[in-house]
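Chemist: Please read through the structure below; I'll follow up with questions.
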Number of protein chains: 2
Amino acid sequence: MQELAVYTTLLEDEITRLDFPKTPSNLYDPLRYFMQLGGKRMRPILTFLGAELFGLKKEAVIHAALSVEVFHNFTLIHDDIMDEAPLRRAKETVHTKWNQNIAILSGDVLFVKAFQLLAKQDPKHLADLLNVFNRTAQEVCEGQQMDMDFESRSNVTIDEYIEMIRLKTSVLLGCALELGAIVAEASLDDRQHLYDFGQHLGIAFQIQDDILDLYADPEKFGKQVGGDVIANKKTLLNLKARELANAVQVEQLNRLETEQDLILKVAQTRDLFSDIGARIACEIEMQKHYDFAMNSLKQINVADKNKQSLIALADFLMQREN
Amino acid sequence: MQELAVYTTLLEDEITRLDFPKTPSNLYDPLRYFMQLGGKRMRPILTFLGAELFGLKKEAVIHAALSVEVFHNFTLIHDDIMDEAPLRRAKETVHTKWNQNIAILSGDVLFVKAFQLLAKQDPKHLADLLNVFNRTAQEVCEGQQMDMDFESRSNVTIDEYIEMIRLKTSVLLGCALELGAIVAEASLDDRQHLYDFGQHLGIAFQIQDDILDLYADPEKFGKQVGGDVIANKKTLLNLKARELANAVQVEQLNRLETEQDLILKVAQTRDLFSDIGARIACEIEMQKHYDFAMNSLKQINVADKNKQSLIALADFLMQREN
């Protein structure tokens, strides 16, 4: 999608101009650093597209778009602490480069910044914007808590897993789109359809993430293939495999969890997941959410030509190999 | 102030009714626990009084009042992590009773709750409410960062210290009052005077805190007298003493910092601070902010009888011994 460059250029420019105060430098330097680490800026682009779908220019939703991106970065700073992650986008995380207290507090003030940006939109939309934004922020926290809880649980169900990724990552995509639609004064029905489109596209995208982690072409994949398997992470692939495996295959899965030769572990798990039918089951689940998303988009009451950007974006997201 | 009981009864009732979801329990149980730990509920009472000053009933600002209290509790949960505090109001802190990750995340979701409550006020006031609330939230984070920075600095000035307590604690008192005034549709001038009243009363209260920590009657004081001295904390007393001490007294202050006999350390520091004139200097500084506060209140354009509750509250706050 060549057109995305127009959006990202505008966004990077606006992000550079976010006016964090000079002092206290231990509070604001981490934010200047972290906000410049890059990323796809997918969420604010969704806010632009959500507005444009209803004929409103992207400039009219710039503050809401930035608000979503800033909120997303706040969650990353705090998640990195909780996950004890040393790196983010191949650079040091805030708690590594500074310290944990600074990461907690600069995250907090970045969260405030998200609300300050949202409050720059026209007051007449503010109650609706806040309503969607607050609910989403709460859900993202719930998703992160579920994810942490799952680490120490052995009985996570597939429904719980889908609910976790819905809350942790997908609702924010729906929210980003809906904020654009709110400012464009779309109908409540159209707002809901657009939100559903974003949410289910997000779930499909996350399932694809799980699949790619094990089945991506190592030449094209940005990180180590099989990382989730090596960490014995409960992904949809893993849960589907456990659900579908026969007694012999369960034994094999158990044995592979403690396999010390990591290259062998990844290769054999990949083959086993395929044999069990876990890969295909995940692809079916992914397709289900993708279809739901496209069907939601279809129901929105605007001309088909207005939907082309969102269709192109969905195609782009689902055809990636990195 | 007997009348305060009416406000606190209403507040405790409303706080009990804050509807935190059942799951994820690791996210919401800590909030049910922490919000019930009590406290003076001074900030939401200020929001009530800020509205009543302009003839508006407290029920009309209940959501804004709760929002301020919830925000305050969010900051306490995160501050307790940063300060590694095991106890809060004689009960375990969230990160001690659960763990640090849960304290970060449940703090985050409590912060969201503050915005959800604020957004329950009439949409016509929302932009103004958010404007004051967001600025204050940002300042409170700045104050906490300054406080942490001071721990590793030996050259903190008195102006910096006053600015730190202004940001960390006093702006929220001004904000609490102003939120009430906004919903009561007070004039911009009156809002500013009321904010100034709260802010300077807050600074006076914090300075009194510093003084009481060393000079309170141990029989009446709720915690150990001299705690700040034992921890070699940079309080206004300490900074004033350093500013006013002669060469011999500086030597004595240095020696006392490493004194191992804590009873002796507290007693001798108390006498030395008095001899140096630090206590009286702090009392003068406290009185200056108290007078500024009362003068700001005086300038508000409402009948004197409407101001009686705020005057009584100020007297109550400044005559405490615990």
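Coordinate-derived values only; no laboratory data. A quick note: this is a predicted structure, and the numbers were derived from the prediction, not measured. Glycine gets a Cβ as well: all are built from the backbone with ideal geometry, and neighbour counts include every protein chain shown.
Chemist: Could you list B:Arg255, A:Arg242 so that the one with the fewest beta carbons within 10 Å of its beta carbon is first and the one with the most is last?
Modeler: Listing B:Arg255, A:Arg242 from fewest to most nearby Cβ atoms yields B:Arg255, A:Arg242.
Chemist: Placing the label point 7 Å from Cα along the Cα-to-Cβ direction, what are the distances from B:Glu59 to the equivalent spots in the other copies, shortest first, in nm to one decimal?
Modeler: Computed spacing set for this position: 4.8 nm.
Chemist: Let me ask another. List the residues of region A:224-263 whose backbone N lies under 11 Å from a point placed 7 Å from the Cα of A:Leu4 along the Cα-to-Cβ direction.
Modeler: none
Chemist: Counting each DSSP H run of 4 or more residues in the protein assembly as shown as -39500 (n - 2.57), what helix-only mean residue ellipticity at 222 nm follows after dividing by all residues, to the nearest 500 deg cm²/dmol? Intermediate values should be presented prior to the final figure.
Modeler: Working: 32 runs with 456 residues, N = 644.
About -23000 deg cm²/dmol.
Chemist: B:Ile311 to B:Lys220: FRET efficiency via 1/(1 + (r/R0)^6), r the Cβ-Cβ distance, R0 25 Å, to the nearest 0.05?
Modeler: 0.60
Chemist: With Cβ to Cβ distances under 11 Å as the rule, what net charge do the other residues near A:Lys22 carry (K, R +1; D, E -1)?
Modeler: -1
Chemist: Related question: Rounded to the nearest 10 degrees, what's the angle between the helix B:247-257 long axis and the longest principal axis of chain B, both from Cα atoms, 0 to 90?
Modeler: That helix lies at roughly 70 degrees to the long axis.
Chemist: Another one. Calculate, in whole percent, how much of the Cα-Cα pair population of region B:122-273 lies beyond 24 Å.
Modeler: Numbers: 5191 of 11476 pairs.
Beyond 24 Å sits 45 percent of the P(r) for region B:122-273.
Chemist: On to the next question. Any idea which of B:Asn295, B:Pro218, B:Asn232 is furthest toward the positive side of the dipole for region B:201-322, if Lys and Arg beta-carbons carry +1 and Asp and Glu beta-carbons -1?
Modeler: After comparing all options, I get B:Asn295.
Chemist: When B:Lys233, A:Lys113 are ordered from fewest to most other Cβ atoms inside 10 Å of their Cβ, what list results?
Modeler: The order, fewest Cβ neighbours first, is B:Lys233, A:Lys113.
Chemist: Still on this structure, I have one more. Run through region A:237-322 and list the GluC sites (Glu not before Pro) located in a DSSP loop whose Cβ has at most 14 other Cβ atoms within 10 Å.
Modeler: Taking region A:237-322 and a limit of 14 other Cβ atoms within 10 Å, the loop GluC sites (Glu not before Pro) found are A:Glu321.
Chemist: Considering the rotation that carries chain A onto chain B, locate the chain A residue whose Cβ comes closest to its axis and report the distance in whole Å.
Modeler: Checking which Cβ lies nearest the axis yields A:Leu126, 3.
Chemist: What is the spin-label model distance, in nm, from A:Leu244 to A:Arg17 if the labels are put 7 Å beyond Cα along the C-beta direction?
Modeler: Inter-label distance under the simple model: 5.1 nm.
Chemist: Could I ask something else about it? Can you give me the angle between helix A:262-276 and the longest principal axis of chain A, using Cα atoms only, in degrees from 0 to 90, rounded to the nearest 10?
Modeler: 90
Chemist: Continuing with this model, one more query. Are there trypsin sites (Lys or Arg not before Pro) in region A:143-182 that DSSP puts in a loop and that have at most 14 other Cβ atoms within 10 Å, and which ones?
Modeler: In loop regions of region A:143-182 (DSSP not H, G, I, E or B), the sparsely surrounded trypsin sites (Lys or Arg not before Pro) are A:Arg153.
Chemist: Let me ask you something else. Let's see if you can work this out: charge +1 on each Lys and Arg Cβ, -1 on each Asp and Glu Cβ, no other charges. What is the dipole magnitude of region B:201-322 about its Cα centre, in debye to the nearest 20?
Modeler: Once rounded to the nearest 20, the dipole reads 380 debye.
Chemist: To continue, here is another question. Pop a pseudo-label 7 angstrom from the Cα along the beta-carbon direction at both B:Lys57 and B:Glu257 and give the gap in nm to one decimal.
Modeler: That separation, rounded to one decimal, is 5.8 nm.
Chemist: Measuring from a point 7 Å out along Cα→Cβ, what nm distances, shortest first, does B:Glu185 have to its partners in the other copies?
Modeler: Reported distances to equivalent positions: 2.4 nm.
Chemist: To one decimal in nm, how far is B:Asn301 from the same spot in the other copies, if labels go 7 Å from Cα toward Cβ? Please give the shortest first.
Modeler: Label-point distances to the other copies, shortest first: 4.8 nm.
Chemist: Lys and Arg at +1, Asp and Glu at -1: add these up for the other residues within a Cβ distance under 15 Å of A:Glu185 and post the number. Numbers along the way, then the final one.
Modeler: Details: positive: A:Lys57, A:Lys124, A:Arg191; negative: A:Glu52, A:Asp122, A:Asp128, A:Glu178, A:Asp189, A:Asp190.
So the surrounding residues net to -3.
Chemist: A further question follows. Here is the link list: A:Lys22/B:Lys91; B:Lys223/B:Lys307; A:Lys91/A:Lys223; A:Lys113/B:Lys288; A:Lys113/B:Lys233. Which ones come out longer than 26 Å on Cα distance?
Modeler: Numbers: A:Lys22/B:Lys91 38 Å; B:Lys223/B:Lys307 33 Å; A:Lys91/A:Lys223 14 Å; A:Lys113/B:Lys288 34 Å; A:Lys113/B:Lys233 31 Å.
Violating the 26 Å Cα-Cα cut-off are A:Lys22/B:Lys91; B:Lys223/B:Lys307; A:Lys113/B:Lys288; A:Lys113/B:Lys233.
Chemist: So, with +1 on the Cβ of K and R and -1 on the Cβ of D and E, and no other charges, what is the size of the charge dipole of the protein assembly as shown about its Cα centre, to the nearest 20 debye? Walk me through the intermediate numbers first.
Modeler: On the way: 70 positive and 98 negative charges, 109 e Å.
Magnitude of the dipole: close to 520 debye.
Chemist: Simple spin-label model, 7 Å along Cα-to-Cβ: B:Ala90 to A:Gln319 in nm?
Modeler: About 6.8 nm, to one decimal.
Chemist: Given C-alpha coordinates of chain A, what is the ratio Rg to Rh with the Kirkwood estimate of Rh?
Modeler: Rounded to two decimals, Rg over Rh is 0.98.
Chemist: If you don't mind, another one. How far is helix B:4-16 tilted off the main Cα axis of chain B, in degrees rounded to 10, range 0 to 90?
Modeler: That works out to roughly 70 degrees.
Chemist: Please arrange A:Ser274, B:Ser152, B:Ser296, B:Ser170 by counting, for each residue, the other beta carbons lying within 10 Å of its beta carbon, fewest first.
Modeler: In order of increasing Cβ crowding within 10 Å: B:Ser152, A:Ser274, B:Ser296, B:Ser170.
Chemist: Hey, got the average number of other protein chain Cβ atoms within 10 angstrom for residues in A:112-119?
Modeler: Counting other chains' Cβ atoms within 10 Å and averaging over A:112-119 gives 6.
Chemist: Treat every Asp and Glu Cβ in chain B as -1 and every Lys and Arg Cβ as +1, leave all other atoms uncharged, and give the resulting dipole magnitude about the Cα centre to the nearest 20 debye.
Modeler: 700
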